[in-house]
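**Student:** Okay, here's the structure, questions in a sec.
Read the figures in this text as sums done on the coordinates, not as results from a lab. What you are looking at is a predicted structure, and each value in this text was computed from that prediction instead of being measured. Note that we place each Cβ from the backbone using ideal geometry, even for glycine, and neighbour counts take in every protein chain shown.
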Amino acid sequence: MIVEEIMSKEPVRIKDNDFVTHARQKMRDHYLRGLPVVNESNRVIGILTDQDILNITSTRSNVTVGGYARECPTITPDMDIIRSAQLLVEAKQNRIPVVASTTDKTCVGLLSIMDILNNIHPTTKSPKTVGKIMTTNVFTCHPDDSITKIWLQMIEYDYTGLPVVSHKNEMMGIITRRDIIRSGYARTGLREAHGTNPSESTTVEKVMSTPAYTISQDTPISKAIEMMLHYDTGRVSVVNGTKLIGIVDRRDVLRACLIGTGLEVM
């Protein structure tokens with residue numbers, strides 16, 4: 001199977017000379033996690049992610065997108081999807097613009113990890129359960145934490161989402177970059193960012209997504225993929241009863257699906 005068969009065609013995109021405020025609004029309006037950045041000729045400059053939106057600390061309205069676009073690997077419509085999966089994992093990207101060819105950088109589509117996961121399966125050499133691939137040292141937050149605190153942690157550590165747990169480590173929900181952008185709190189202001197004006201800060205419980213999507217460590221990787229696709233979520237929490245013990249994200253399961261293909265990514 002090739003990229004053209006599974007990519008999103010005519011994706012929402014942003015021009016490099018558009019304002020960041022416009023990009024942020026597009027992400028909110030279209031419920032997006034990333035936007036291809038193109039020039040006036042529709043040639044790909046890069047990708048603007050929800051993390052980049054969180055990283056932009058200026059509140060000025062005249063900041064343009066171009067300087068914040070991330071470079072990305074070249075993916076073309078005729079590329080095999082396994083090779084494209086390897087490129088996404090290596091680039092640590094969840095979506096990448098598709099260009100017409102290696103020499104023609106016209107944007108013709110957008111390929112996401114979810115597109116690929118919807119069309120591939122674990123191999124016979126893939127780990128069998130999520131317990132084999134989950135991250136156990138999980139950074140969490142509490143419902144009474146401030147959005148400002150979580151926003152800064154997402155920026156510093158490049159987290160896409162954090163499980164929300166009670167003070168007894170019981171799963172309650174999840175907060176993601178997209179939740180913050182969609183709620184309108186992806187903005188800065190030095191006073192708020194440094195906690196000097198806490199009265200203006202909103203707490204996690206007002207923005208987080210519920211219910212928490214959870215699985216056990218014995219769940220097959222294929223079932224974790226099914227859950228991610230069904231709920232359109234980038235990660236699922238691994239629990240023992242109600243206690244959080246790990247987390248698995250879309251790159252973890254995609255990396256597992258590449259084992260045995262000859263294109264493994266460590």
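**Student:** Around residue 245, which amide H atoms from residues at least 5 apart in sequence, or from another chain, sit under 5 Å from its own amide H, with H modelled in the peptide plane?
**Tutor:** Amide H neighbours of residue 245, under 5 Å, 5+ apart: 238, 239, 240.
**Student:** Additional query: For region 130-258, calculate the relative contact order in percent as a whole number, restricting contacts to Cα pairs under 8 Å that are 6 or more residues apart.
**Tutor:** Once divided by the residue count of region 130-258, the mean separation gives 32 percent.
**Student:** Where Rh is the Kirkwood radius over the Cα pairs of region 130-258, the temperature 37 °C and the viscosity 0.692 mPa s, what D in µm²/s does Stokes-Einstein return?
**Tutor:** 216
**Student:** Here's a follow-up. Dividing the alpha-carbon radius of gyration of the chain by 2.2 N^0.38 Å (N being the number of residues), what value is obtained?
**Tutor:** Ratio of Cα Rg to 2.2 N^0.38 Å: 1.03.
**Student:** With a sphere of radius 13 Å drawn around the Cβ of residue 265, what net charge do the other residues whose Cβ falls strictly inside it have (Lys, Arg +1; Asp, Glu -1)?
**Tutor:** Neighbourhood net charge equals +1.
**Student:** How about residue 168: which aspartates and glutamates have a C-alpha closer than 18 Å to its C-alpha, ignoring those fewer than 8 places off in the same chain?
**Tutor:** Straight-distance partners of residue 168: 144, 145, 205.
**Student:** Defining a contact as two alpha carbons under 8 Å apart and six or more residues distant in sequence, what relative contact order in percent does the chain show?
**Tutor:** It rounds to 21 percent for the chain.
**Student:** Among the lysines, which have Cα under 18 Å from the Cα of residue 206 when same-chain residues fewer than 8 positions away are ignored?
**Tutor:** The reachable lysines, counting only those whose Cα sits under 18 Å from residue 206, are 149.
**Student:** Take the Cα radius of gyration of region 209-266 and divide it by 2.2 N^0.38 Å, with N its residue count; two decimals is plenty.
**Tutor:** 1.18
**Student:** Still on this model: Give the cross-link partners of residue 15 among the lysines, using a straight C-alpha distance below 18 Å as the criterion and excluding same-chain residues fewer than 8 apart.
**Tutor:** 26, 105
**Student:** Moving to a separate point now. May I ask you to compute the full-extension gain from residue 83 to residue 125, defined as 0.36 nm times their residue separation minus their alpha-carbon distance, rounded to one decimal in nm?
**Tutor:** Length difference between fully extended and current span is 13.4 nm.
**Student:** In addition: Using a simple spin-label model with points 7 Å from Cα along the Cα→Cβ vector, what separation in nm is obtained for residue 142 and residue 25?
**Tutor:** That separation, rounded to one decimal, is 3.9 nm.
**Student:** Moving on to the next point. Taking the Cβ of residue 78 as the center, what net charge do the other residues with Cβ under 14 Å away carry, scoring Lys and Arg +1 and Asp and Glu -1?
**Tutor:** Charge balance in the 14 Å sphere: -3.
**Student:** Count charges around residue 121 for me, please; just the other residues with Cβ under 15 Å from its Cβ, Lys/Arg as +1, Asp/Glu as -1.
**Tutor:** +3
**Student:** Please report, for the Cα atoms of region 3-117, the Rg to one decimal and the Dmax as a whole number; what are they, in angstrom?
**Tutor:** 13.5, 42
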